[in-house]
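Let me begin by presenting the structure, written as structure tokens, before commenting on it.
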Amino acid sequence: DTAVSQTPKYLVTQMGNDKSIKCEQNLGHDTMYWYKQDSKKFLKIMFSYNNKELIINETVPNRFSPKSPDKAHLNLHINSLELGDSAVYFCASSQGGGPQGTQYFGPGTRLLVL
Amino acid sequence: AQSVTQLDSQVPVFEEAPVELRCNYSSSVSVYLFWYVQYPNQGLQLLLKYLSGSTLVKGINGFEAEFNKSQTSFHLRKPSVHISDTAEYFCAVSEIIQGAQKLVFGQGTRLTINP
């Protein structure tokens, strides 16, 4: 069983389109995250949710809107896609939001905006 | 704000040779440090973490890291590498933002194992 899963794995789309990425975790964790990894492999947190509540929003453009329907799911919707949105997006989860926790990552969604 | 610097972007080594991947951090508070590994086309997985106590931390796949407070370092080592260790390695420091964990990652070090 995959602990943290993401769909789709690959996403190729045109500028200006709207797209969504879905994430599900079956670990029973209460905290979920979205990260963006750019072409140079730099990894940066975008959002963090705890028990469906947004906790961290790291100066991400308003075109990105996360939604957490329940503790096991955290989706990412992106409006009006731009070339600079091309990246690998990782979902992660952890139990609790404490500083000592281990985050479990999904396999990533590779987004290419043309 | 806390930060992490990985001093080497790429490290090539021969199989069965020892390796050290360097990581320095800056933090003004209690520090929690992590090493994650990313195999090609996969997500990240935890290798090891330092929370407190013994400064030598052992992780999975034969890796270990030493926390050095005076040098603000957390270098990762393995005495003998295998082809399967080829991956990107990320050092990270954990901080709390509004009660939630925020991992701040270094730039990553690509470890390439040559036969």
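Some values worked out for this structure:
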| quantity | calculated |
| --- | --- |
| Lone unmet requirement of (1) modelled with pLDDT of 95 or more; (2) of a type in the set (S, T, N, Q); (3) under 27 Å from A:SER5 (Cα atoms) for B:GLN42 | (1) |
| Hey, B:GLN45 more than 17 Å from A:PRO99 (Cβ to Cβ), part of a loop (DSSP other than H, G, I, E, B) and of a type in the set (S, T, N, Q) or not | no |
| Pairs, first open to solvent by 70 Å² or more (accessible area, probe 1.4 Å) in segment B:50-72, second not in a strand (DSSP E or B), C-beta under 6 Å, six or more apart | B:GLU66/B:THR55 |
| Filter result for B:GLN71 (within 11 Å of chain A (Cβ to nearest Cβ) and either assigned to a loop (DSSP other than H, G, I, E, B) or closer than 22 Å to A:THR109 by Cβ (or both)) | no |
| Selection count, segment B:86-104, where residues are modelled with pLDDT of 95 or more, open to solvent by less than 10 Å² (accessible area, probe 1.4 Å) and at the interface with chain A (Cβ under 7 Å from one of its Cβ atoms) | 1 |
| Selection from segment A:35-90 of residues that are hydrophobic (A, V, I, L, M, F, W, C), farther than 20 Å from A:LYS19 by Cβ and more than 14 Å from chain B (Cβ to nearest Cβ) | A:ALA72 |
| Test: B:VAL81 is within 14 Å of chain A (Cβ to nearest Cβ) and either more than 11 Å from the chain's Cα centre (by Cα) or not aromatic (Phe, Trp, Tyr) (or both) | no |
| Every residue from segment A:105-114 that is more than 8 Å from every other protein chain (Cβ to nearest Cβ) and either buried (at least 19 other Cβ atoms within 10 Å of the Cβ) or on the phi > 0 side of the Ramachandran plot (or both) | A:THR109, A:LEU111, A:VAL113 |
| Single residue of segment B:20-42 satisfying the filter (facing chain A (nearest Cβ under 10 Å), under 30 Å from A:LYS9 (Cβ atoms) and assigned to a loop (DSSP other than H, G, I, E, B)) that is most open to solvent (accessible area, probe 1.4 Å) | B:ASN41 |
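The values are calculated or read from the model by the stated rules, or taken from the named source; none is laboratory data. Keep in mind the model is a prediction, meaning the values are calculated, not measured. Cβ sites come from the backbone with ideal geometry, for glycine too, and all protein chains shown count toward neighbours. These accessible areas exclude ligands, DNA and RNA; they are computed on the full protein's heavy atoms, side chains included. Shrake-Rupley method; radii C 1.70, N 1.55, O 1.52, S 1.80 Å.
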